[in-house]
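These notes concern the structure reproduced below.
The values are calculated or read from the model by the stated rules, or taken from the named source; none is laboratory data. These numbers come from a predicted model, not from an experiment. Here the Cβ positions follow ideal geometry from the backbone for every residue, glycine too, while neighbour counts run over all protein chains shown. Each accessible area value is taken on the protein alone, full model and side chains, heavy atoms only, with ligands, DNA and RNA left out. Shrake-Rupley method; radii C 1.70, N 1.55, O 1.52, S 1.80 Å.
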Amino acid sequence: MERRVPRVKDLAPLMQFKKPEFNARTRRLERALTIEDLRTIAKRRTPKAAFDYTDGSAEAELSLARARQAFQDIEFHPAILRDVSKVDTSCTILGGRSKLPFGIAPTGFTRMMQTEGEHAGARAAARAGIPFSLSTMGTASIEDVKAANPHGRNWFQLYMWKDRDRSMALVERAAAAGFDTLLVTVDVPVAGARLRDKRNGMSIPPALTASTVLDAIPRPQWWIDFLTTEPLAFASLDRWSGTVAELLDTMFDPTVTFEDLAWIKSQWPGTLVVKGIQTVEDAVAVTNLGVDGLILSNHGGRQLDRAPIPFHLLPSVVKAVGDRTEVLLDTGIMSGADIVASIALGARFTLVGRAYLYGLMAGGEAGVDRAIAILSEQITRTMRLLGVASVDELEPAHVTQLERLIPRPRG
C-alpha cells in the first residue's frame with residue numbers, strides 16, 4: 001500500500017470545529033439524548049430526598065418496574081414503502097387539539113424538585129402546544145399557572161379531601177380561571193407506603209440536618225435556589241411542616257364512592273376525567289356515569305405495589321368502553337416509542353410525569369423543553385419507521401405486547 005503526505009485540501013473538509021457553548025446548562029442538556037440521560041443529570045443535581053420522592057414508588061417498587069418493562073416488551077410491525085416525508089403528530093383530545101399525543105401529568109411538590117416548578121412546566125407546555133395539568137398538591141396557585149399558560153389548555157387534578165368544602169372551593173377556582181378539564185384521582189383512599197421517603201426522612205419543607213447538609217455540598221445550586229426564592233407553599237392549602245405521609249393521611253378521604261364522583265360531575269361545568277382506573281369493571285362503572293374520559297394509571301406505582309400494569313390493561317378497556325368515552329394512559333412512559341405503542345393499542349392520549357420532572361431537575365424550564373423535544377423527536381422517528389404519517393393511522397396491528405408475566409388460570 002502506497003503512502004503519501006496528506007494534502008491540506010484533503011484535510012480541510014475533515015476539520016470542522018463546532019462553536020463552543022459557554023452556557024453549562026445548555027451544554028449538559030444538549031448531551032441528553034434520552035429521558036434516561038435527563039434522569040442521570042437530575043440525580044447529580046438534586047438532593048437525595050427530593051430526587052427519590054420523584055424517582056421512587058411504593059414498597060418494593062414492583063409496579064413501576066413492571067410498567068416500564070411492559071413498554072420494553074413490545075414488538076413493532078413496520079410497513080414499508082409509505083410516504084412519511086411529512087408526519088402529523090397532533091391529535092384531538094377531550095374536545096381540543098394537542099400538537100403531540102401527550103401532555104404533562106399532575107405532580108405534587110414540584111417546586112421542591114426544582115424551584116421553577118409548575119411555572120416552568122406550564123410555559124414549556126404552552127410552547128409545545130400540549131396540555132398542562134396542575135395537581136391539588138402542586139406548589140403554584142391555580143391563578144399563577146393560568147398566568148404562565150394563558151392561551152393553552154390547563155387541566156386541574158382533584159383529590160377529594162375529608163374537608164369537602166375546601167375541595168370544591170378549588171374546583172370553583174379552577175373553573176373561574178378557565179381550566180377546561182378536571183382530573184378526579186380515585187386511587188388514593190390512603191397514601192401508599194413510599195419507603196424511600198420514610199428512609200430519607202422526607203419532610204415539607206426539606207429539613208436542614210447533618211445528612212442534608214452533607215448531601216448539599218455537591219449540589220449547591222439547588223440549595224441556593226431553594227433558600228433565595230419564595231418559600232415552598234401549595235396551590236391548595238396553607239404551608240405545612242411535617243412529613244409527606246402525615247400530610248397526605250390528614251387530607252385523603254377513604255369514604256369517597258361512586259355517588260361522590262357523580263356529585264362532583266354535577267358540580268363541574270367542563271370536561272371530567274377519572275384518573276386511577278385499574279380494572280375493566282371500574283372502567284365500565286365510571287363510563288356508565290357519563291364521564292368524558294378515564295385514565296388508566298396505577299399512580300406511577302406510588303400507591304398499591306403489584307398493581308395492574310396500565311399498558312397491559314389498555315386493549316381490554318378500549319374494547320369495553322372505547323366507543324363511549326376517551327381512554328388515556330400514564331405510568332412508566334420513558335420514551336416516544338412508549339407513547340406511539342400506547343396510541344396504537346387504542347389510547348387517545350398519554351400523560352408523562354417523571355419524564356417531565358427529570359427534565360425540570362436537570363435544567364429548569366429549559367430542561368422541560370428538552371424532555372418534550374426528546375419525546376417529540378422519538379415519536380416522529382418511530383412513526384416514520386412504522387410507515388405512519390399521522391397519529392390517526394396508528395392501529396393495533398402495529399404493535400404486539402410480548403408476554404413476560406402470564407396470569408395463572410383462577411380456580
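Against the criterion of being farther than 27 Å from LEU38 by Cβ and open to solvent by less than 20 Å² (accessible area, probe 1.4 Å), ALA120 does not qualify. Note on region 186-250: enclosed helices (runs of 4 or more DSSP H) holding 1 or more residues that are modelled with pLDDT under 75, under 11 Å from PRO47 (Cβ atoms) and among the small types (Gly, Ala, Ser) are 210-216. Limited to region 6-55, what total is found for residues that are under 20 Å from the mean Cα position of the chain (by Cα) and of a type in the set (Gly, Ala, Ser)? So the count comes out to 4.
Of all the numbered requirements in (1) closer than 15 Å to GLY276 by Cβ; (2) among the small types (Gly, Ala, Ser); (3) more than 19 Å from the chain's Cα centre (by Cα), ALA307 misses one, and that requirement is (3). Any residue in region 219-232 that is surrounded by 12 or more Cβ atoms within 10 Å (Cβ to Cβ) sitting within a Cβ distance under 6 Å of a residue that is assigned to a helix (DSSP H, G or I) and among the small types (Gly, Ala, Ser)? List the pairs, counting only those 6 or more apart or interchain. Taking only residues 6 or more apart or on different chains, the pairs are TRP223/ALA216. Just to be sure, is ARG384 touching a residue at least 40 places away in the same chain (Cβ under 8 Å) and either more than 30 Å from LYS319 (Cα to Cα) or among the basic types (Lys, Arg) (or both)? Yes; evaluated as a whole, the condition is true for this residue.
In this structure, ARG410 does satisfy being over 27 Å from PRO106 (Cα atoms) and among the charged types (D, E, K, R). Would you call GLU377 over 23 Å from PHE156 (Cα atoms), acidic (Asp, Glu) and out of contact with any helix residue (DSSP H, G or I) (no Cβ under 6 Å at 6 or more places or on another chain)? Yes. Elements of the type helices (runs of 4 or more DSSP H) sitting completely within region 303-411 and holding at least 1 residues that are more than 20 Å from CYS91 (Cβ to Cβ) and open to solvent by 20 Å² or more (accessible area, probe 1.4 Å): these cover 310-321, 354-386.
Taking (1) in a loop (DSSP other than H, G, I, E, B); (2) in contact with a Ser or Thr (Cβ under 8 Å, 6 or more places away or on another chain); (3) modelled with pLDDT under 95 in turn, LEU170 satisfies each apart from (1).
Answer yes or no: is there a residue in region 147-165 that is open to solvent by less than 10 Å² (accessible area, probe 1.4 Å), modelled with pLDDT under 95, over 13 Å from PRO106 (Cβ atoms) and in a helix (DSSP H, G or I). Within region 147-165, none of the residues are open to solvent by less than 10 Å² (accessible area, probe 1.4 Å), modelled with pLDDT under 95, over 13 Å from PRO106 (Cβ atoms) and in a helix (DSSP H, G or I).
Taking the criterion of being open to solvent by 40 Å² or more (accessible area, probe 1.4 Å), in a helix (DSSP H, G or I) and touching a residue at least 12 places away in the same chain (Cβ under 8 Å), the only residue of region 281-302 that qualifies is VAL284.
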